[in-house]
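The values are calculated or read from the model by the stated rules, or taken from the named source; none is laboratory data. These numbers come from a predicted model, not from an experiment. Reconstructed Cβ throughout: ideal geometry from the backbone, glycine too, with neighbour counts over all protein chains shown. The protein model used for the area step is the full one, side chains on, heavy atoms only, and it has no ligands, DNA or RNA in it. Shrake-Rupley method; radii C 1.70, N 1.55, O 1.52, S 1.80 Å.
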Amino acid sequence: MRLPRLALPMACLAAAALWTAAPALAQETMKMNISIGQNSHYGVAIDTFAKEVEKRTGGRYKIQNFYSGALGAERESIEAVQLGTLDLTMTSTGPVPNFVPEVAILDIPFLFKDYAQARSTLDGPIGQDMLGKFQSKGIVALAWGENGFRHMTNNKRSVNAPDDLKGLKMRTMENPVHMQAYKAFGIIPTPMAFTEVFTALQQGTVDGQENPLSVISAAKFAQVQKFITLTGHVYSPALLLMNKAKWDKLSAADKQAFAESAKEAVKANRARIDEDERRVVAELKSQGMTVVEVVDKGKFQTALEPTFVEFGKKFGQDNINKIKNAK
Ligand code: EAX
């Protein structure tokens with residue numbers, strides 16, 4: 001059967017029209033990974049980020065999120081973002097000194113006095129200047145997020161003073177500042193990726209660990225830890241990191257969309273931490289943990305004096321004081 005004379009040109013026109021429309025509908029999917037579960041202060045952050053990126057780029061970009069270290073632990077994820085085998089990650093600063101040594105100053109115990117000061121310092125010139133140090137390492141730090149003030153948990157005994165920490169085998173992040181400081185407490189530091197911590201606690205490979213309430217709750221550590229002391233000994237920042245080559249390929253408008261989406265993610269992240277800080281202590285008590293809530297932090301700081309002197313030499317006491325005194 002012969003087609004009407006106009007059928008073929010019309011078909012070509014329709015195909016051409018579809019083809020020209022195709023680029024506008026083209027969608028690139030980027031992968032993002034975190035070390036803890038979706039129902040967490042990081043999960044809510046990257047889910048917000050994903051929603052905002054798709055909305056603000058008009059669907060040109062989609063973020064596919066992975067949780068609980070599905071694509072690797074934090075150190076591996078940072079490495080993968082640097083290499084470009086992973087597009088984005090949200091991570092604590094724990095492993096970051098291995099990539100950007102300058103960031104290690106933020107891991108000094110008792111550096112920040114409270115959440116408000118930590119947030120304003122990181123969102124201000126000191127923090128923003130530090131974000132700039134990632135680009136030469138092939139990484140774009142989109143924003144400072146938050147992990148929270150870290151507390152000590154263990155299975156051996158209630159910790160009421162620094163001496164109670166002596167001899168405890170504690171999992172630490174792969175962070176040189178933490179490991180050096182915790183030795184001053186008499187702790188035996190055992191660096192380990194977060195994805196291995198629950199099993200290590202369950203099997204008694206380590207006696208304890210230290211993490212913010214948000215992490216302790218999300219990781220269900222009450223199932224494998226008996227005691228917690230609200231030492232708040234370290235403020236643990238977090239970061240949203242992106243592969244630099246991928247960032248460079250974005251248009252100016254899409255760069256702005258990603259940056260604004262990161263800001264929205266951090267708002268959700270910090271709001272969840274504020275909620276966890278109100279909620280989790282009661283949760284841990286109901287799950288059977290013994291909670292030492294009233295802690296003489298001065299005693300823990302005094303025990304760290306020798307390492308504070310070392311940190312002053314390593315990072316410059318003026319630089320440390322600049323952060324400590326930041327408003
Ligand atoms: O970033 O490794 C840790 O203890 C971190 O606090 C955890 O992975 C969340």
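Across the stretch 236-309, the volume of the C-alpha convex hull divided among the residues equals 173 Å³ per residue. Helix 43-56 and the longest principal axis of the Cα set of the chain meet at an angle near 30°.
Computed about its Cα centre, the charge dipole of the stretch 27-324 is approximately 60 debye, with only Lys, Arg, Asp and Glu carrying charge at their Cβ.
Solvent-accessible area assigned to carbon and sulfur over the stretch 27-324 amounts to 51 percent, based on a 1.4 Å probe. A cut-off of 5 Å between modelled amide H atoms, ignoring neighbours fewer than 5 places along the same chain, links Lys226 with Asn154, Asn155. Can you give the angle from 0 to 90° between the axis of helix 305-315 and the longest principal axis of the chain, with both taken from C-alpha atoms, to the nearest 10? Rounded to the nearest ten degrees, it is 40.
Give me the mean projected area, in nm² to one decimal, of the convex hull enclosing the Cα positions of the stretch 161-315.
On the way: hull surface 45.4 nm².
Dividing the Cα hull surface by four gives the mean projection, 11.3 nm².
All other residues with a Cβ under 12 Å from the Cβ of Trp247 taken together, and with Lys, Arg as +1 and Asp, Glu as -1, what is their net charge?
So the environment of Trp247 carries a net charge of +1.
Think of the stretch 255-296 as a dipole: +1 on every Lys or Arg Cβ, -1 on every Asp or Glu Cβ, centred on the Cα centre; then among Phe258, Ala282, Val294, Phe258 lies furthest on the positive end.
Ranked highest first by average number of other Cβ atoms within 10 Å, how do 230-239, 288-297, 272-281 line up? Can you show the working numbers first?
Numbers: 230-239: 24.1, 288-297: 13.4, 272-281: 17.6.
Sorting 230-239, 288-297, 272-281 by mean packing, highest first, produces 230-239, 272-281, 288-297.
For the listed peptides 112-122, 42-52, 298-308, a ranking on the average number of other beta carbons within 10 Å per residue, highest first, reads 42-52, 112-122, 298-308. Backbone geometry of the stretch 93-107 corresponds, through the Karplus equation with coefficients 6.51, -1.76 and 1.60 at θ = phi - 60°, to 3J(HN,Hα) couplings of 7, x, x, 4, x, 6, 10, 10, x, 4, 6, 4, 4, 6, 8 Hz, x marking Gly and Pro.
The share of C-alpha pairs in the chain whose separation exceeds 29 Å stands at 41 percent.
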